[in-house]
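Since the structure comes first, as structure tokens, the remarks are kept for the end.
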2 protein chains.
Amino acid sequence: MSVPEALTALEKILGDRLSRSKSDLDLHGRNETYFPYAPPDAVAYPLTTREVAQMAQICSAHGCPLTGWGAGTSLEGHALAIRGGISVDFSRMNRVLEVNPQDMDCVVQPGLTREELNRELRATGLFFPVDPGANASLGGMASTRASGTTAVRYGTMRDNVLGLEVVLADGRVIRTGTRARKSAAGYDLTGLFVGAEGTLGLITELTLKLRGQPEAVSAAVCAFDEIGPAVETVIETIQMGIPMARIEFVDAATAAAVNAYAGASFPELPHLMVEFHGSEAGVAEQAETFGAIVADHGGKGFDWSSRPEERSALWTIRHNAYYACLASRKGATAMVTDLCVPISRLAEAVEETRADIAAATIPGPILGHVGDGNFHAILLVEPDNAAELEEAKRLSHRMVERALRMGGTATGEHGIGMGKLDYMQDEHGDAWDVMGQIKRALDPGGVMNPGKMVRGA
Amino acid sequence: MSVPEALTALEKILGDRLSRSKSDLDLHGRNETYFPYAPPDAVAYPLTTREVAQMAQICSAHGCPLTGWGAGTSLEGHALAIRGGISVDFSRMNRVLEVNPQDMDCVVQPGLTREELNRELRATGLFFPVDPGANASLGGMASTRASGTTAVRYGTMRDNVLGLEVVLADGRVIRTGTRARKSAAGYDLTGLFVGAEGTLGLITELTLKLRGQPEAVSAAVCAFDEIGPAVETVIETIQMGIPMARIEFVDAATAAAVNAYAGASFPELPHLMVEFHGSEAGVAEQAETFGAIVADHGGKGFDWSSRPEERSALWTIRHNAYYACLASRKGATAMVTDLCVPISRLAEAVEETRADIAAATIPGPILGHVGDGNFHAILLVEPDNAAELEEAKRLSHRMVERALRMGGTATGEHGIGMGKLDYMQDEHGDAWDVMGQIKRALDPGGVMNPGKMVRGA
């Protein structure tokens with residue numbers, strides 16, 4: 001077991017694409033949120049699957065950790081090489097390999113970002129729908145089972161990855177899935193690697209489902225006096241089968257932050273922001289039906305628009321809500337929580353969280369993808385203020401306890417990484433041990449993103 | 001390793017719910033298709049998860065195989081206890097445990113059939129959409145990753161199981177998933193057990209997604225002179241994003257068989273049969289748009305109806321197509337093939353298969369769920385005619401070769417069972433070994449449905 005020996009062997013393959021520069025180590029040792037600086041021993045920039053396979057063989061032989069790195073946008077420290085070793089930066093494996101318009105699928109490399117993919121697709125009439133907000137890499141999105149605003153209509157990465165090429169710890173290269181839309185041929189390995197956070201292997205290629213760009217899109221926003229009726233509106237909308245493309249909640253504090261940040265003029269109340277995709281007549285009908293449900297629940301100011309500039313403004317606001325919240329407390333850094341509950345418990349979960357934060361010493365606007373029962377608090381702390389960070393962790397801890405008590409999950413979309421490992425036992429019980437058995441079967445030496453996901457990792 | 005000792009211990013727990021009667025062994029030793037009679041040593045009828053867990057402990061201790069049995073409707077011999085041991089018949093674990101209308105989910109036992117569930121749901125306005133044709137058990141449907149006519153709209157079992165309770169080989173009882181709609185918390189064990197055909201554990205409880213019964217339903221049928229334009233119609237329809245609830249293909253031979261069997265009067269040509277779900281205005285718009293695509297491709301006789309009795313007649317015909325094809329050759333038994341290809345290759349795959357069957361010594365009408373690229377040939381052979389069975393196997397073999405050559409899968413929905421094990425290497429390569437590693441990690445003694453799914457099983 002020797003990282004230096006691994007580095008020597010890796011350098012022979014990668015040359016100057018194995019970097020130990022301070023700037024590279026710094027970049028890959030930092031994260032989007034509150035986890036401490038944890039630099040790898042080196043950063044590798046592979047160009048091919050073959051190189052990744054060679055890296056895995058070398059690193060397995062020398063017990064040197066391999067931790068994948070996409071765009072560095074994850075929120076739970078997944079990509080930090082906390083046991084040292086190699087940060088495998090996929091930014092130079094970022095090509096679109098195939099687009100198959102008739103089959104509505106594409107084959108891409110893991111370092112490609114979702115915005116880059118959608119730019120390439122623009123002329124085809126197709127798009128890739130999963131939208132976590134950040135311009136994440138597609139390999140990272142698959143590894144963390146990302147979702148976001150459009151999951152209520154188009155599903156998460158679980159639903160949109162048809163197949164993978166994966167390099168295993170021992171250097172074998174496997175292909176999971178096919179380009180057929182469904183299969184009953186064996187264990188669902190695609191589903192196993194999606195969400196495995198790089199602990200079972202490194203994704204080197206993805207086959208993704210694409211969707212047709214909708215003929216028409218309309219968007220709407222409306223305000224409610226209380227959280228309860230906003231959530232009731234969501235439940236009834238989902239039950240009616242209205243195929244919402246997005247249905248987002250922001251609380252009064254978020255509305256206020258957005259007003260201050262973006263010069264908007266939302267009433268300082270809970271809001272729903274929604275989007276409809278379909279035919280011209282279809283989105284009109286959806287908007288009318290949704291509007292009637294909003295009115296039944298006392299929602300105010302409902303207005304819908306299919307003008308692109310108005311829609312775009314609305315979603316720019318929603319996507320910037322994180323930055324608006326950050327800016328609402330000068331100099332603050334954020335811990336962004338993430339939980340998901342059965343939708344019948346959503347109002348209760350949001351209200352309890354709201355009250356808990358109101359009684360705390362730090363602010364925490366709430367917003368989320370409520371069509372899925374998924375929401376976040378953006379807990380705003382002073383950097384280097386240990387007491388505030390502890391307070392944020394306590395609030396987050398109680399959110400997770402609340403989610404599990406209500407039959408939900410510790411994380412709807414951000415994943416386990418470093419921040420949620422302590423909840424795996426509570427959420428999964430003996431099933432967590434089964435995950436450990438699978439990990440040990442596929443990565444007996446523990447070189448794939450060690451310290452993450454499984455017990456005693 | 002002793003099956004008799006296991007039986008003695010099991011009898012103490014189960015009493016007369018462990019049966020060795022000839023009729024029970026006969027029933028559980030037979031299958032819906034051509035695999036030889038393979039009776040278990042005994043049939044168990046557990047009532048509780050605890051009993052199943054005790055059975056697993058006893059059987060693991062004595063090396064006695066455990067093979068799950070739902071409704072016995074599978075088509076690849078999955079449920080045959082080919083190494084003897086216990087056939088675990090879940091027919092007495094068939095209760096609906098919970099229906100949560102607000103969350104649109106339910107919790108059921110594995111022996112409940114899909115028709116029983118939908119009867120119980122009728123008053124709620126909800127339904128369970130996966131429809132493989134046969135009135136299969138929900139545990140069996142999950143274990144085989146069943147799909148069927150509605151998968152194009154509502155997905156397969158992969159997409160409709162939120163969580164499971166599973167008894168592992170060593171008797172541990174685990175829960176996978178939660179009632180939250182999505183989660184990023186750890187490996188997707190739910191997805192791993194769905195489609196594992198009982199080789200990793202026995203499913204004792206399922207949490208299923210439900211859908212709202214559509215406000216309006218309409219159905220249509222149309223004929224084409226050739227297969228090509230029928231398939232082109234399907235591709236264009238999917239690309240337009242028309243949310244088809246069903247889009248089924250039957251060939252001219254199937255149309256003829258249905259005419260003879262059900263007194264129908266379809267032209268003896270390739271047909272598409274489709275169904276639309278939505279609002280009144282929505283289904284009308286969908287039907288008009290689809291009708292225009294049909295006309296563009298020279299389809300004939302397009303007519304749509306939202307009258308329940310006409311729709312019902314249409315789908316009764318489609319669901320009885322299997323029996324109509326069987327009846328088209330007196331005294332015949334059927335080998336039902338199943339493959340799935342990228343939709344761009346569908347016309348070619350169907351045409352090649354059509355030509356291959358036309359040159360063979362046995363008839364084989366073709367029909368399928370073409371919105372997914374999935375189709376079947378119903379190869380009609382005389383019982384006990386070894387030469388014809390060999391001919392059917394050769395045709396099926398070439399269908400699989402064709403599917404794999406075209407980037408598809410050896411089975412879209414029927415699963416591996418006994419019939420497709422020989423194709424796992426060709427389809428999955430080294431990924432098949434990974435499945436074996438997972439199997440050995442979770443079932444080191446090989447008691448869970450031995451002889452199936454993995455290499456050297």
Handout entry: Flag if A:GLY368 is crowded, with 19+ Cβ neighbours inside 10 Å, closer than 19 Å to B:GLY186 by Cβ and under 21 Å from the mean Cα position of the chain (by Cα)
Key = no
Problem - Leading residue by the ranking (nearest to the other protein chains (Cβ to nearest Cβ)) among those in region B:100-109 that are outside any loop (DSSP other than H, G, I, E, B) and under 24 Å from B:THR144 (Cβ atoms) - result: B:ASP105
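Regarding B:LYS209, is this residue surrounded by fewer than 21 Cβ atoms within 10 Å (Cβ to Cβ), more than 30 Å from B:ASP303 (Cβ to Cβ) and either under 25 Å from the mean Cα position of the chain (by Cα) or polar (S, T, N, Q) (or both)?
So B:LYS209 passes the test.
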Exercise for the section: Could you tell me whether B:LEU339 is within 14 Å of another protein chain (Cβ to nearest Cβ) and more than 22 Å from B:PHE224 (Cα to Cα)? Expected result: yes
Fill in the blank from the handout: Listed by range, strands (runs of 3 or more DSSP E) wholly within region B:232-311 having at least 3 residues that are surrounded by fewer than 23 Cβ atoms within 10 Å (Cβ to Cβ) and not hydrophobic (A, V, I, L, M, F, W, C) are B:300-305
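Condition check ((1) among the hydrophobic types (A, V, I, L, M, F, W, C); (2) away from chain A (no Cβ under 14 Å); (3) under 30 Å from B:LEU380 (Cα atoms); (4) touching a residue at least 40 places away in the same chain (Cβ under 8 Å)) across all residues:
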site	(1), (2), (3), (4)
B:ALA38	yes, yes, yes, yes
B:THR49	no, no, no, yes
B:SER60	no, yes, no, yes
B:TRP69	yes, yes, yes, yes
B:ARG83	no, yes, yes, yes
B:VAL96	yes, yes, no, no
B:GLY111	no, yes, no, yes
B:GLU115	no, yes, yes, no
Practice task
Determine whether region A:121-142 contains at least one residue that is without any contact (Cβ under 8 Å) to a residue 12 or more places away in the chain and outside the structural domain of A:LEU314 (by TED's automatic domain parsing).
Solution key: yes
Handout entry: Odd one out for A:VAL130 among (1) touching a Pro at 6+ places or on another chain (Cβ under 8 Å); (2) part of a loop (DSSP other than H, G, I, E, B)
Key = (1)
Problem - Residue count for region A:408-428, restricted to those that are of a type in the set (A, V, I, L, M, F, W, C) and part of a loop (DSSP other than H, G, I, E, B) - result: 3
Exercise for the section: Quick one: which residue in B:ALA359, B:ALA332 is modelled with pLDDT of 95 or more and away from chain A (no Cβ under 14 Å)? Expected result: B:ALA359
Completion exercise
Within region A:180-225, of all residues that are in a strand (DSSP E or B) and of a type in the set (Ser, Thr, Tyr), the one modelled with the lowest pLDDT is A:SER218
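From the residues in region A:429-457 that are charged (D, E, K, R) and assigned to a helix (DSSP H, G or I), which one is nearest to the other protein chains (Cβ to nearest Cβ)?
A:ASP430
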Exercise for the section: Please state which of the following conditions A:ALA81 fails to meet, knowing it meets all the rest: (1) under 25 Å from A:GLY148 (Cα atoms); (2) in the same structural domain as A:LEU47 (by TED's automatic domain parsing). Expected result: (1)
Fill in the blank from the handout: Going through (1) away from chain B (no Cβ under 13 Å); (2) not in a helix (DSSP H, G or I) one by one, A:LEU395 fails only at (2)
Practice task
Could you figure out which of (1) buried (at least 21 other Cβ atoms within 10 Å of the Cβ); (2) more than 26 Å from B:MET273 (Cα to Cα); (3) of a type outside the set (Gly, Ala, Ser) isn't true of B:GLU388?
Solution key: (1)
Practice task
Given the conditions (1) touching a residue at least 60 places away in the same chain (Cβ under 8 Å); (2) over 19 Å from A:VAL234 (Cα atoms); (3) away from chain B (no Cβ under 11 Å), report the number of the one that A:VAL350 does not fulfil.
Solution key: (2)
Practice task
Inspect all residues belonging to region A:105-119 and state whether any of them is under 18 Å from A:LEU200 (Cβ atoms) and at pLDDT 95 or above.
Solution key: yes
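The values are calculated or read from the model by the stated rules, or taken from the named source; none is laboratory data. A quick note: this is a predicted structure, and the numbers were derived from the prediction, not measured. Counting neighbours? That spans all protein chains shown, and the Cβs are built from the backbone with ideal geometry, glycine included.
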